[in-house]
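Visitor: Could you have a look at this structure, given as structure tokens, before my questions?
The values are calculated or read from the model by the stated rules, or taken from the named source; none is laboratory data. Since the structure is predicted, the reported quantities are computational estimates derived from the model, not experimental observations. Heads up, the Cβs are rebuilt from the backbone with ideal geometry, glycines too, and the neighbour counts pull from every protein chain shown. When the accessible area is computed, the model is the full protein with side chains, heavy atoms only, and any ligands, DNA or RNA have been set aside. Shrake-Rupley method; radii C 1.70, N 1.55, O 1.52, S 1.80 Å.
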Amino acid sequence: MPSLKLRTKLALFYAALFAILLASAGITVYRIMALRLTAAADDNLVDHGAGLWGYIQFHAGKPVLTYDTSNHQIAYFVRDATRYYQLYDAASGELLLESTDSSLMHLALPVSEVGRRVGRPGIDVIAVEGVALRLRSALYQANGHFYLLRVGVSVEEDLVDLAELKRVLFLLLPVMTLVGVVGAWWMAGKVLRPLQELQNEASAISITQLHRRLPHRGTRDELDALAATFNQVFTLLEDAVRRMKQFSAYMSHELRTPLTVLRGEAEIALMRPGPPKDWRGLLTSQLEEFDKLDRVIGRFLLLARAEAGQIEFEMVEFDLCALAAGLGKEMIPVAMSRGISLKVACGGEARLVADRGWIERVILNLLDNAIKFTAGGGQVHIVARSAGDRAMVEVSDTGSGIAEAELPHIFDCFYRAHDSRPTRPGGAGLGLALTKWIVEKHGGVIQVDSRVGAGSVFTITLPLAPPDSSESAATASSLSIAD
Ligand code: ADP
């Protein structure tokens, strides 16, 4: 199951909370409303009962409804109060009076029911002809006799109002929940934005930019505390990386001196006449190993100098095509010694303003790799030309190729593709890192296209010299260890 983002989780949580609160509030409002309407209806019934009893008079023991019909207020009240009413003789249970304009008469209570209500007067809720009625029974006394007066009101309107309220609440619940979700989503986004910004800032700090720090927003909240903690970690990391770089520079220097001495001694021993043949072989092999070690240490040192910003470029104008062709031809014997055919194709002129020595190193690195990673019988091509305002060198081979997963890393310092380890004990994984650094410092780009088993194509493009270019001043630059 995909994990939910914090923002989604917060929005869902608040939506659920909102829905529960709204539902509870809706139920409470509905209940209060129902209770209020019932209480109002009951008050009305009490008023009607007491008022109506006041207009019932007894003539020869018979109850008669007597009131001043010319008084509109009284007439209105009596008409309203007598819409649903019944008067029973409490002793016999006989129905004595009842409403004339309703069918309550069909619901005359049996004697036993009258007796029960006389014993316990109270409220009934019944439906007469589809109309909900609330009826109140009360006991009154006149001339030593007890009478049960039932007065009713229609609660139809109240029920319709309550049903309407329920409908509105049911409609409001999803709408308000939706508004709540949108609001919670917006709010969560707003609250989490600084966190997102902090994350973006933190992820932009790579090993090459450990001097950078996360910004303090000055809000003194948890995010500021988090930024401060991250900054402390970056400080520690920066220090550790600086020590590591110092150490590698120091080690390279320290190794080089005894290596030079050893190499010199091996050379002197070889120059002396008369060492046995197997000794000579041993010393020659040692010299080769010293050379390899020297190359690796040389690259280490270069890296350390670049790190410290101690490398200077000597910018001169030259033709890249001629340089590439010359270097390609120089490497033909090396390629041939390994059974590889090296073809050079350079057309026209591509003038650059660059450090010739460093560009030479770039081309040689690419040619060296192409030859190293191509088996006997394979082919290596070097093509140089100008394209628009750029000069281009392409070194292709039919060698081992590079796995797709390794491609993003081959320009990292000390990275060596898995397959190349056993066959290439001499490489330190620094060649392409240096190559990329040099190309980029000259405003160029290096690209690679490779397929395992089919071969690789490395392309560098560099800006052509402007038409009126003259030699530029040397520039100091620094190389950073790739992350
Ligand atoms: P190294 O000094 O080990 O050759 P590089 O930085 O020159 O280091 O190259 C890094 C890795 O890239 C190599 O170990 C190798 O796996 C891969 N690589 C470079 N060039 C080629 C090539 N032409 N064909 C196949 N793999 C290559």
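Visitor: Just report the Cα centroid separation between the stretch 298-372 and the stretch 76-154, whole Å.
Guide: Distance between centres, Cα-based: 116 Å.
Visitor: Against the longest principal axis of the chain, how steep is helix 72-81, in degrees 0 to 90 to the nearest 10, with axes from Cα atoms?
Guide: Taking the Cα atoms of the chain, the angle to 72-81 is about 70 degrees.
Visitor: May I have the extent of the alpha carbons of the stretch 136-202 along their three principal axes, as whole Å values ordered from largest to smallest?
Guide: Largest to smallest, the principal-axis extents are 97, 21, 8 Å.
Visitor: In degrees, nearest 10, range 0 to 90: what is the angle between the Cα axis of helix 356-372 and the longest Cα principal axis of the chain?
Guide: Roughly 80 degrees between the two axes.
Visitor: How long are the semi-axes of the equivalent ellipsoid of the stretch 31-187, taking √(5λ) for every eigenvalue λ of the Cα gyration tensor, in whole Å from largest down?
Guide: They are 42, 17, 13 Å, listed from largest to smallest.
Visitor: A further question on this structure: Show the residues, 5+ positions off or on another chain, whose built amide H is closer than 5 Å to the amide H of Leu464.
Guide: The answer is Arg390, Ala391.
Visitor: Suppose every K and R has +1 on its Cβ and every D and E has -1 on its Cβ; what is the size of the dipole of the stretch 146-197 about the Cα centre, in Debye to the nearest 20?
Guide: Dipole about the Cα centre, nearest 20: 280 debye.
Visitor: Can you tell me which lysines have their Cα less than 20 Å from the Cα of Lys343? Leave out same-chain residues fewer than eight positions away.
Guide: Output for Lys343: Lys329, Lys372.
Visitor: Let me ask something else about it. Go through the stretch 38-53 residue by residue and turn each phi into a ³J(HN,Hα) via Karplus (6.51, -1.76, 1.60, θ = phi - 60°); whole Hz please, and just put x for glycine and proline.
Guide: 5, 4, 5, 5, 5, 4, 4, 5, 4, 4, 4, x, 5, x, 5, 4
Visitor: Another one. May I ask you to give the solvent-accessible area per residue for the chain, in square angstrom, as obtained with a 1.4 angstrom probe?
Guide: 59
Visitor: If you don't mind, another one. Mind checking the full-extension length gain between Ile332 and Phe247? Use 0.36 nm per residue of separation minus the Cα-Cα distance, one decimal, nm.
Guide: 26.7 nm
Visitor: Distance in nm between label sites at Arg256 and Ala23, each 7 Å beyond Cα in the beta-carbon direction?
Guide: So the label points at Arg256 and Ala23 sit 7.7 nm apart.
Visitor: Quick check: the distance between the Cα centres of the stretch 1-50 and the stretch 208-272, to the nearest angstrom?
Guide: Comparing the Cα centres of the stretch 1-50 and the stretch 208-272, I get a distance of 65 Å.
Visitor: Any idea how far apart Lys166 and Asp368 come out in nm if each label point goes 7 Å out from Cα toward Cβ?
Guide: My value for the distance between the label points is 8.8 nm.
Visitor: Among the lysines, select those whose C-alpha is under 26 Å from the C-alpha of Lys190, and discard any that sit fewer than 8 residues away in the same chain.
Guide: Cross-link targets: Lys5, Lys9.
Visitor: Taking one equal scatterer on every alpha-carbon of the chain, how large is log10 of I(q)/I(0) by Debye at q = 0.11 1/Å?
Guide: Those come out to -1.04, one per q.
Visitor: Just subtract the alpha-carbon distance of Ala40 and Gln379 from 0.36 nm times their residue separation and send over the number in nm, one decimal.
Guide: Contour length minus Cα-Cα distance gives 111.8 nm.
Visitor: Here's a follow-up. Classify the stretch 307-461: rounded, prolate or oblate, from the alpha-carbon gyration tensor (a ≥ b ≥ c, eigenvalue square roots; a/c under 1.5 rounded; otherwise prolate if a/b is larger than b/c)?
Guide: Oblate, since a/c reaches 1.5 and b/c is not below a/b.
Visitor: Another question, if that's okay. Any idea what angle helix 156-204 forms with the longest principal axis of the chain, computed on alpha-carbon atoms, 0 to 90 degrees, nearest 10?
Guide: Taking Cα atoms only, the helix is inclined about 20 degrees.
Visitor: Does a label point 7 Å from the Cα of Asp221, set along Cα-to-beta-carbon, have any residues of the stretch 167-209 with amide nitrogen under 15 Å, and which are they?
Guide: 186-199
Visitor: Modelling each spin label as a point 7 Å along the Cα-to-Cβ direction, I'd like the Ser99/Val445 distance in nm, to one decimal.
Guide: Here the modelled spin labels are 9.1 nm apart.
Visitor: Write out the cysteines belonging to the chain for which the nearest other cysteine Cβ is not under 4.7 Å, or none if no such cysteine exists.
Guide: Among the cysteines of the chain, those whose Cβ sits 4.7 Å or more from every other are Cys413.
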